[in-house]
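First up is the structure itself, then whatever we jot down about it.
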Amino acid sequence: MTDPINLLRALPPEVVKEIYTDTASKTLQEVSKIGTDAVKTIRLALFPLQFTSAFQDRLAAYIDKAIRQVPENQRTSPRESLTLSIAEKLRFQEEVNPITNLYVNLLSRGMDRERLGEAHPAFVNIISQLAPDEALLLEQLSSFEYLIYFRFNNKKVTILKSDSDSFVNSMSVNDRTKKFFLERSAYPEALAQPDFFLTFLEHLVSLGLVEYDNEPRNSGELKFVQISFEEAEYFCIKLTEFGRLFHTACIQNT
């Protein structure tokens, strides 16, 4: 197999600078005549890790996907400290794993001069600790300032949205309050393993991505909902500011 370092040394400097653009393949063919496969090899040279052929092909595909998510006029060479860490993680990631997209998205941010600030160095290790369902829960929380989760009689079991909706519909409250709770109720059924909803929630709290409380708020949208129930209590679950940045950098597609 061709030594990528020697390939790099043999190429003109202007060619090396082009490896992160969509014109890389054409440039390499025209200037060095070494073909499209060299694009993959040279890109991998910037990730100086020892991979098998299968891992190399997989990593090359991920890098290419990350590059193509960045508008060409915004592309920049990524920080080595970020890219090497992500490359090390990506070699173990299957294409069908939702967590893989989080790494690819973060790598894209590191190649985008307009969004470099979103690529917090802690995010690489946070992604490695997430279950796919936890990423789904973060996405669910991102749509609102906060979601409401009911717990009945202090039972530490997952309450599905269908159950909380039934409870809300039985409330002796006005339609505005009912509508608020129905629209804002958390949706554990959207997860592959809804029974672990509370476990996922606590883990996300420990990572600093999510926070919750069980005190009715005195301002904002909950100002008019000053009610309590003997058989149930409700929690306000929301992304922290750090959690919203993580969502923007690693989960949000645009």
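The values are calculated or read from the model by the stated rules, or taken from the named source; none is laboratory data. Small disclaimer: the values here were computed from a predicted structure and weren't measured. Neighbour counts are summed over all protein chains in view; Cβ atoms, including those assigned to glycine, are modelled from backbone coordinates with ideal geometry.
When you go through Val205, Val124, Val157, Val173 one by one, which is the residue that is over 29 Å from Ile67 (Cβ atoms) and assigned to a helix (DSSP H, G or I)?
The unique qualifying residue is Val205.
If you check every pair at least six apart or on different chains, which have Cβ atoms under 9 Å apart with a residue in the stretch 93-107 that is under 14 Å from Lys65 (Cβ atoms) and assigned by TED's automatic domain parsing to the domain that holds Pro71 first and a residue that is modelled with pLDDT of 95 or more and in a loop (DSSP other than H, G, I, E, B) second?
So the pair list comes out as Leu102/Leu130.
Which numbered condition trips up Phe123, out of (1) among the aromatic types (Phe, Trp, Tyr); (2) assigned by TED's automatic domain parsing to the domain that holds Val96; (3) surrounded by fewer than 19 Cβ atoms within 10 Å (Cβ to Cβ)?
Every condition holds for Phe123 apart from (3).
State all residues of the stretch 77-93 that are at pLDDT 85 or above and of a type in the set (D, E, K, R); if no residue qualifies, say none.
If the condition is that a residue be at pLDDT 85 or above and of a type in the set (D, E, K, R), then Lys89 is the only one that fits.
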